[in-house]
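J.: Structure provided below as structure tokens; questions to follow.
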């Protein structure tokens, strides 16, 4: 294969996604950059072995965002097709899945022989109710809840009344401790009398709702909302004597985590029954400094750019800005977005898995991983033997021509090679060579 057999192209799509392709007669490589997923963390430009990725003006792009979910006005990184060697390292180390790399349409992240960032997320089905809390707060829509819940009208029956119809003039008491509520929406999914307003989740208020209330015109004081609530928010008593049958509702289903979408941020770990456990791929710490220069009301770059929505404005204006470390990826986007160096990131641990390749460049890859926490594998230094140019020239001048092999010797040599090949193709010969049958002593 020659260079003329290889074709490389780069296309920019209407949504600003970038696709780089490398094609030969037997292999096709494809690098896909998803602009809307990228948060300008700076990892790929740092670890690229050929410096084919250049970081753009992160602060300017971040401050221009209308919200964290908005499409950036320009890509955070640029790719140089001429420098790119299509190794795939950038895709493997991207913490937010903004880059994918494929060999003949197979993603490198699905190939166990290549090392990759590793996180472990587990969902314990025993304590899981399930509710919809984890699904509602996940910032990347990586969790879907398949909830099969009986409605109140299915389990509360009144003789002579239609389904959903309740007697008039029922009385009782309702007590709501909203401070305990996580707004999992289970009670509202169950009963039409429960009402909750939607709310944006914040790191200092990780709840997808607010203003929990019960419409007493629709409530029959059955008390089932208190039974299904995972955090004991309700206390309901019915003062009326009424004929009815009440059955405990069946709550079935499961929460499914899509690990291909998951960025290991930690929001789901806030589960009210602690059903989800997570081990992140990065550990570290964030230090705030030079806060006299910080202007969170006018800038908000760190808040808008954070992929896990970990930054927020504290209630005390003197604090200016704050981060919830439990939700931090330690990716570095916030550090690069700050124009005044108010944020300092330090990674202390990286978890990765795979990497059974034996190619000589694999240590370079592992060094790229370790460089993100300030460590590298020491390279073996080769001993150099000094040789004078004059000696090399002398050897070259004294070179002798290789004599031609006579035809009769060449013919005999080929015959013997064919005979050896025939012997080696026999099963008994291979077993004898491998020692799987006893070898007979050579005859004199």
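J.: Looking at 56, 42 in this structure, which one is more than 24 Å from residue 106 (Cβ to Cβ) and touching a residue at least 60 places away in the same chain (Cβ under 8 Å)?
T.: Details: 56 fails: touching a residue at least 60 places away in the same chain (Cβ under 8 Å).
Criteria check complete, one pass: 42.
J.: Test each condition in (1) assigned by TED's automatic domain parsing to the domain that holds residue 24; (2) touching a residue at least 60 places away in the same chain (Cβ under 8 Å); (3) surrounded by fewer than 18 Cβ atoms within 10 Å (Cβ to Cβ); (4) assigned to a strand (DSSP E or B) for residue 78 and report the one that comes out false.
T.: (2)
J.: Surrounded by 16 or more Cβ atoms within 10 Å (Cβ to Cβ), in the same structural domain as residue 69 (by TED's automatic domain parsing), modelled with pLDDT of 95 or more and touching a helix residue (DSSP H, G or I) at 6+ places or on another chain (Cβ under 7 Å): which single residue out of 134, 94, 138 fits that description? Steps first, answer last, please.
T.: Details: 134 fails: in the same structural domain as residue 69 (by TED's automatic domain parsing); 138 fails: in the same structural domain as residue 69 (by TED's automatic domain parsing).
It is 94.
J.: Given the options 362, 392, 377, 385, name the one that is modelled with pLDDT under 80 and within 30 Å of residue 42 (Cβ to Cβ).
T.: Within the list 362, 392, 377, 385, the selection yields 377.
J.: Regarding residue 96, is this residue farther than 21 Å from residue 7 by Cα and in a loop (DSSP other than H, G, I, E, B)?
T.: Details: farther than 21 Å from residue 7 by Cα: yes; in a loop (DSSP other than H, G, I, E, B): yes.
In short, yes.
J.: Also: Considering only residues that are in a helix (DSSP H, G or I) and free of Cβ contacts under 8 Å to residues at least 60 places away in the same chain, look in the stretch 194-227 and name the one that is surrounded by the most Cβ atoms within 10 Å (Cβ to Cβ). Please lay out each step first, then the result.
T.: Within the stretch 194-227, the subset in a helix (DSSP H, G or I) is 224-227.
Within this subset, residues satisfying the condition of being free of Cβ contacts under 8 Å to residues at least 60 places away in the same chain are 225-227.
On the way: 225: 23, 226: 16, 227: 13.
Ranking the qualifying residues of the stretch 194-227, first place goes to 225.
J.: To continue, here is another question. So residue 138 passes all but one of these: (1) at negative phi; (2) in contact with a strand residue (DSSP E or B) (Cβ under 7 Å, 6 or more places away or on another chain). Which condition number does it fail?
T.: (2)
J.: Being out of contact with any helix residue (DSSP H, G or I) (no Cβ under 8 Å at 6 or more places or on another chain), modelled with pLDDT of 95 or more, outside any strand (DSSP E or B) and surrounded by 16 or more Cβ atoms within 10 Å (Cβ to Cβ) is the filter here, so list the residues in the stretch 159-188 that pass it.
T.: The answer is 181, 188.
J.: Tell me yes or no: at least one residue of the stretch 317-328 is touching a residue at least 60 places away in the same chain (Cβ under 8 Å), surrounded by fewer than 22 Cβ atoms within 10 Å (Cβ to Cβ), touching a helix residue (DSSP H, G or I) at 6+ places or on another chain (Cβ under 7 Å) and not in a loop (DSSP other than H, G, I, E, B).
T.: Checked the stretch 317-328: at least one residue is touching a residue at least 60 places away in the same chain (Cβ under 8 Å), surrounded by fewer than 22 Cβ atoms within 10 Å (Cβ to Cβ), touching a helix residue (DSSP H, G or I) at 6+ places or on another chain (Cβ under 7 Å) and not in a loop (DSSP other than H, G, I, E, B).
J.: Given the criterion in a strand (DSSP E or B) and loosely packed, with under 13 Cβ neighbours inside 10 Å, identify the matching residue among 252, 283, 259.
T.: Answer to the selection: 252.
J.: If we keep just the residues of the stretch 237-249 that are in a loop (DSSP other than H, G, I, E, B) and out of contact with any helix residue (DSSP H, G or I) (no Cβ under 6 Å at 6 or more places or on another chain), which is surrounded by the fewest Cβ atoms within 10 Å (Cβ to Cβ)?
T.: Residues of the stretch 237-249 that are in a loop (DSSP other than H, G, I, E, B), as a first pass: 239-244, 247-249.
Narrowing the set further to residues that are out of contact with any helix residue (DSSP H, G or I) (no Cβ under 6 Å at 6 or more places or on another chain) leaves 239-244, 248.
On the way: 239: 9, 240: 11, 241: 5, 242: 14, 243: 9, 244: 14, 248: 10.
Only one residue tops the list, namely 241.
The values are calculated or read from the model by the stated rules, or taken from the named source; none is laboratory data. No experiment lies behind these values; they were computed from the predicted model shown. All Cβ positions, glycine included, derive from the backbone under ideal geometry; neighbour counts span all protein chains shown.
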